[in-house]
Amino acid sequence: MHTTLHVSLEGQSHHYPLHIGQGILSNLPAYMADVGLIDGTRCFIVTDSGVPIRYVETVGAVLEQAGYPVTVATVMQGEGAKSIAVLEELYAKAMAVGMNRSSVFIALGGGIPGDLTGFLAATYYRGARFVQVPTTLLAQVDSSVGGKVAVNFGDVKNCIGAFKQPDVVCMDLEVLQSLSPSQYAAGLAELFKYALIERSALAVEPHSVEASPLNMPWMLERFEGLETGWKTELSTLVEHACRIKAAVVIRDEHEQATTFDATGRVCLNLGHTFGHAYEATLGYNTVLHGHAVAMGMVCSVFAQADVLGDVTVSRVLNLIHELGLIPYDVLATLPEWPSPEALLQVMAKDKKNMDASRIRLILPVLPLGQVVVQERSARQLIPSIVKAHEYFRHQLEALMANPIPQL
Ligand SMILES: NC(=O)c1ccc[n+]([C@@H]2O[C@H](COP(=O)([O-])OP(=O)(O)OC[C@H]3O[C@@H](n4cnc5c(N)ncnc54)[C@H](O)[C@@H]3O)[C@@H](O)[C@H]2O)c1
Ligand SMILES: [Zn+2]
């Protein structure tokens with residue numbers, strides 16, 4: 001099974017395909033040739049040491065068999081790889097093997113190799129060719145589509161970067177089977193986010209989503225029906241998430257829409273303002289980004305409880321629980337979690353805010369699947385965080401009494 005979506009960026013000649021399905025890795029040379037990266041093009045694969053070696057070997061072998069000269073650079077796992085120092089090593093290696101502007105850099109791995117390789121490709125001789133082969137769920141539904149690439153500097157994440165759209169994105173769903181449950185849950189949280197923003201994100205394509213206020217949006221309905229056999233639905237969900245991300249990027253490639261326009265790139269930030277505060281206060285090694293976003297979505301739902309009503313609030317919270325978006329080991333650290341005041345101090349510094357006293361948030365509204373951008377004071381937000389932490393405590397107790405099977 002294989003689907004191809006097309007991202008066509010307005011006002012530019014650039015458009016690129018996203019291939020999603022099974023057996024995609026083995027067909028990489030054909031997808032590259034389709035976008036003019038013909039055999040003989042020098043390939044520089046960047047991966048990290050946590051990506052199972054068999055995927056690196058498969059990609060290397062199919063490319064070489066098809067007549068592409070291949071170099072593989074394996075960087076360390078983790079955020080440390082998104083650094084100027086690692087970039088320098090890659091520039092040196094790329095020059096040593098004779099990479100030029102028509103050569104292609106291939107990111108093989110999660111969002112970390114993706115962001116690093118994209119920046120390498122954007123800057124090498126003022127821009128070489130770039131292929132994304134995302135192997136984590138997060139990278140497939142989020143980071144590999146949209147062209148934001150960056151490295152970290154000092155302790156500031158993603159602050160040295162560029163917009164570099166790939167020539168083609170190749171997503172093989174089979175590689176997701178080797179992800180750890182925790183990594184899987186983190187990607188699933190970002191996937192679930194799309195269900196809550198679907199209607200706003202697809203605002204210019206209303207025909208592609210059921211718009212009746214009485215119905216659950218397309219993605220939420222699918223998440224609701226999921227039980228043990230839910231993985232069969234995964235390809236449909238990944239494909240739809242990519243469709244949503246592509247629609248938003250096409251509309252607002254460089255995040256220039258006014259920050260109150262919930263159809264712009266800002267809608268992708270649902271759960272992220274709270275989420276970044278959890279990441280910053282708990283530490284990036286304690287909580288994965290996706291888990292923090294899931295915690296942030298819980299806070300956002302409580303912040304809108306009056307608007308959403310009890311039934312909808314419980315419906316969304318039950319889904320977050322049933323999908324296991326916040327794993328047990330994260331919930332178990334709850335006693336050390338920051339106070340609402342500590343979280344709000346971080347949130348006050350969010351770059352979306354016009355001034356520190358008004359925190360700008362992306363919040364769900366009815367009909368579900370739609371979001372708005374609103375400002376709240378820190379004082380207004382305290383009760384929502386307190387309620388969210390009570391909810392997390394109940395989740396922890398429920399999981400201790402009755403653990404849910406690993407997805
Ligand atoms: N550019 C964007 O628009 C964008 C959007 C979201 C996130 N990001 C960035 O993405 C990064 C996070 O990405 P991530 O969550 O994919 O992390 P990651 O790249 O670190 O991957 C997570 C872990 O999974 C391992 N791994 C990768 N594929 C695997 C597979 N198939 N089987 C088993 N293990 C595998 C990796 O070695 C790594 O240890 C962050 O740096 C974040 O800033 C960028
Ligand atoms: Zn995110």
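The values are calculated or read from the model by the stated rules, or taken from the named source; none is laboratory data. The shown structure was predicted, so the numbers you read here are calculated from the model rather than taken from an experiment. Cβ atoms come from the backbone with ideal geometry, glycine included; neighbour counts cover every protein chain shown.
Structure notes:
- Total residues in the range 316-344, condition in contact with a helix residue (DSSP H, G or I) (Cβ under 8 Å, 6 or more places away or on another chain) and assigned to a helix (DSSP H, G or I): 16
- Checklist (1) at pLDDT below 95; (2) more than 8 Å from ligand 1 (Cβ to nearest atom); (3) under 21 Å from L87 (Cβ atoms); (4) buried (at least 22 other Cβ atoms within 10 Å of the Cβ) applied to V131, failing item: (1)
- Scanning the range 37-63 for residues that are assigned to a helix (DSSP H, G or I) and surrounded by 14 or more Cβ atoms within 10 Å (Cβ to Cβ) returns Y55, V56, T58, V59, G60, V62, L63.
- Filter result for F119 (assigned to a helix (DSSP H, G or I) and aromatic (F, W, Y)): yes
- Those residues of the range 76-92 which are within 23 Å of R54 (Cβ to Cβ) and surrounded by fewer than 16 Cβ atoms within 10 Å (Cβ to Cβ), in sequence order: M76, Q77, G78
- Odd one out for V266, checked against (1) away from ligand 1 (no atom under 15 Å from the Cβ); (2) modelled with pLDDT under 95: (1)
- Identity of the residue in the range 94-113, assigned to a helix (DSSP H, G or I) and free of Cβ contacts under 8 Å to residues at least 40 places away in the same chain, that ends up nearest to N152 (Cα to Cα): G111
- R101 being of a type outside the set (A, V, I, L, M, F, W, C) and crowded, with 18+ Cβ neighbours inside 10 Å: no
A quick yes/no check of all residues on (1) within 16 Å of K351 (Cβ to Cβ); (2) in contact with a Gly (Cβ under 9 Å, 6 or more places away or on another chain); (3) of a type in the set (A, V, I, L, M):
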position: V248; (1), (2), (3): no, yes, yes
position: Y278; (1), (2), (3): no, yes, no
position: T286; (1), (2), (3): no, no, no
position: H289; (1), (2), (3): no, yes, no
position: A292; (1), (2), (3): no, yes, yes
position: G296; (1), (2), (3): yes, yes, no
position: H321; (1), (2), (3): no, no, no
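- Among the residues of the range 269-276, none qualifies, meaning not one is more than 16 Å from ligand 2 (Cβ to nearest atom) and either assigned to a helix (DSSP H, G or I) or farther than 30 Å from L9 by Cβ (or both).
- Filtering the range 98-141 to residues that are within 16 Å of ligand 2 (Cβ to nearest atom), more than 24 Å from D34 (Cβ to Cβ) and of a type outside the set (A, V, I, L, M, F, W, C) leaves G110, G111, D115, T136.
- Of all residues in the range 272-287 being out of contact with any Pro (no Cβ under 7 Å at 6 or more places or on another chain) and among the polar types (S, T, N, Q), the one that is surrounded by the most Cβ atoms within 10 Å (Cβ to Cβ): T273
- Residue list for the range 130-156, filter: in a strand (DSSP E or B) and in contact with a Lys or Arg (Cβ under 8 Å, 6 or more places away or on another chain): F130, V149, A150, V151, N152
- Residues (within 7 Å of ligand 1 (Cβ to nearest atom), out of contact with any His (no Cβ under 9 Å at 6 or more places or on another chain) and in a helix (DSSP H, G or I)) located in the range 175-186: V175, L176, S178, Q183
- Flag if V293 is assigned to a helix (DSSP H, G or I), under 21 Å from C159 (Cα atoms), touching a residue at least 24 places away in the same chain (Cβ under 8 Å) and among the hydrophobic types (A, V, I, L, M, F, W, C): yes
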